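Peer 1: This structure is in structure tokens; I'll ask about it shortly.
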Amino acid sequence: MLPGESAVQNHLLPKGFYITRWQEPGRAEADFGRFNVKSVIRNIYTLFSSSEIPIAADDQEIMDLFNPSTPLPPWFSEEDLQTYASLYEKSGFTYPLQVPYRSLSKDCGISDPKVSVPALLIMGEKDYVLKFPGMEDYIRSGAVKHFVPDMEITYIPEGCHFVHEQVPEKVNKLIIEFLDKQSV
């Protein structure tokens, strides 16, 4: 996505999609505010670890999609949940909502958005982002390399949106291998 107004193409996204909802100032805060912080974190990790895009109905908010009987992902422990909740209790959700959801349309003053250094994209095959309109083709076809010409892409078959937390050893190994290749 190019920075600026062209980045926000909500018309291509399903109605009730979390990104469009969270772009609205105050909407996510009101939705999240109905729950304690630990429940919000649990909801987010449960909803966004799925390979399906969370979409709310007209009479729902995103947090309404959570099914309390759904267990945490096996790689996200109760201790992880408590740690994250304690951090968000201190910081709140303002910044995570600002970047990226509410800053997508900001013009950054970049006229030629090319990444000219080697880059690595590690992505889970089950990441729901691949289901965004046109995203899978954009990445898999190599069109993304128009903006990041020296990009290496690695897919982790079992990986979800939180692949870095799901399989940290594998992700760390891939990063170290990538960095080692750059230093040769």
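Peer 1: Going through the range 133-183 one residue at a time, which ones are closer than 22 Å to F48 by Cα, in contact (Cβ under 8 Å) with a residue 24 or more places away in the chain and in a helix (DSSP H, G or I)?
Peer 2: Of the residues in the range 133-183, the ones closer than 22 Å to F48 by Cα are 133-140, 153-172.
With the extra rule that they be in contact (Cβ under 8 Å) with a residue 24 or more places away in the chain, the set shrinks to 133-134, 153-167, 171.
Those that are closer than 22 Å to F48 by Cα, in contact (Cβ under 8 Å) with a residue 24 or more places away in the chain and in a helix (DSSP H, G or I): V163, H164, E165, Q166, V171.
Peer 1: Can you spot a residue in the range 75-91 that is within 19 Å of V163 (Cα to Cα), assigned by TED's automatic domain parsing to the domain that holds I19, in contact (Cβ under 8 Å) with a residue 24 or more places away in the chain and part of a loop (DSSP other than H, G, I, E, B)?
Peer 2: Yes, that holds for at least one residue.
Peer 1: Then there's this: Out of the residues in the range 92-128 meeting the condition of being of a type in the set (D, E, K, R) and assigned to a loop (DSSP other than H, G, I, E, B), tell me which one is surrounded by the most Cβ atoms within 10 Å (Cβ to Cβ).
Peer 2: So the first thing to find is which residues in the range 92-128 are of a type in the set (D, E, K, R), and the list is 102, 106-107, 112, 114, 125-127.
When the remaining residues are screened for being assigned to a loop (DSSP other than H, G, I, E, B), the result is 106-107, 112, 114, 125-127.
Numbers: K106: 14, D107: 11, D112: 6, K114: 9, E125: 13, K126: 19, D127: 21.
So, considering only residues that are of a type in the set (D, E, K, R) and assigned to a loop (DSSP other than H, G, I, E, B), the one surrounded by the most Cβ atoms within 10 Å (Cβ to Cβ) is D127.
Peer 1: May I pose another question? Do you know which of the residues in the range 44-74 that are acidic (D, E) and assigned to a loop (DSSP other than H, G, I, E, B) is modelled with the lowest pLDDT? First the steps, then the outcome.
Peer 2: At the first step, the residues of the range 44-74 found to be acidic (D, E) are 52, 58-59, 61, 64.
When the remaining residues are screened for being assigned to a loop (DSSP other than H, G, I, E, B), the result is 52, 58-59, 61.
Details: E52: 85, D58: 92, D59: 94, E61: 96.
My answer is E52.
Peer 1: State whether the residues of the range 39-56 include one that is of a type in the set (S, T, Y) and touching a helix residue (DSSP H, G or I) at 6+ places or on another chain (Cβ under 6 Å). If you could, list the steps in order and put the result at the bottom.
Peer 2: Within the range 39-56, the subset of a type in the set (S, T, Y) is 39, 45-46, 49-51.
Filter once more, so that each one left must be touching a helix residue (DSSP H, G or I) at 6+ places or on another chain (Cβ under 6 Å): 51.
Yes, the range 39-56 has at least one match.
Peer 1: Cβ-Cβ distance below 6 Å, separation of 6 or more or different chains: which pairs start in the range 113-125 with a residue that is in contact (Cβ under 8 Å) with a residue 24 or more places away in the chain and end on one that is hydroxyl-bearing (S, T, Y)?
Peer 2: From residues that are in contact (Cβ under 8 Å) with a residue 24 or more places away in the chain, the pairs are I122/T154; M123/Y155; E125/Y155.
Peer 1: Please tell me if A85 is modelled with pLDDT of 90 or more and in contact with an Asp or Glu (Cβ under 7 Å, 6 or more places away or on another chain).
Peer 2: Details: modelled with pLDDT of 90 or more: yes; in contact with an Asp or Glu (Cβ under 7 Å, 6 or more places away or on another chain): no.
Answer is no for this residue.
Peer 1: Something else about it: Against the conditions (1) touching a helix residue (DSSP H, G or I) at 6+ places or on another chain (Cβ under 6 Å); (2) in the same structural domain as L47 (by TED's automatic domain parsing); (3) surrounded by fewer than 16 Cβ atoms within 10 Å (Cβ to Cβ), where does E136 fall short? Just the number, please.
Peer 2: (2)
Peer 1: Next question. Please go through the range 153-167 and pick out each residue that is surrounded by 12 or more Cβ atoms within 10 Å (Cβ to Cβ) and of a type outside the set (D, E).
Peer 2: Listed by number, the residues that qualify are I153, T154, Y155, I156, G159, C160, H161, F162, V163, H164, Q166, V167.
Peer 1: Scan P113, P100 and give me the residue that is out of contact with any Leu (no Cβ under 8 Å at 6 or more places or on another chain), modelled with pLDDT under 90 and under 29 Å from L179 (Cβ atoms).
Peer 2: Working: P113 fails: out of contact with any Leu (no Cβ under 8 Å at 6 or more places or on another chain).
Matching residue, one of P113, P100: P100.
The values are calculated or read from the model by the stated rules, or taken from the named source; none is laboratory data. It should be emphasised that the depicted structure is a prediction, and the values quoted were computed from it without experimental measurement. Reconstructed Cβ throughout: ideal geometry from the backbone, glycine too, with neighbour counts over all protein chains shown.
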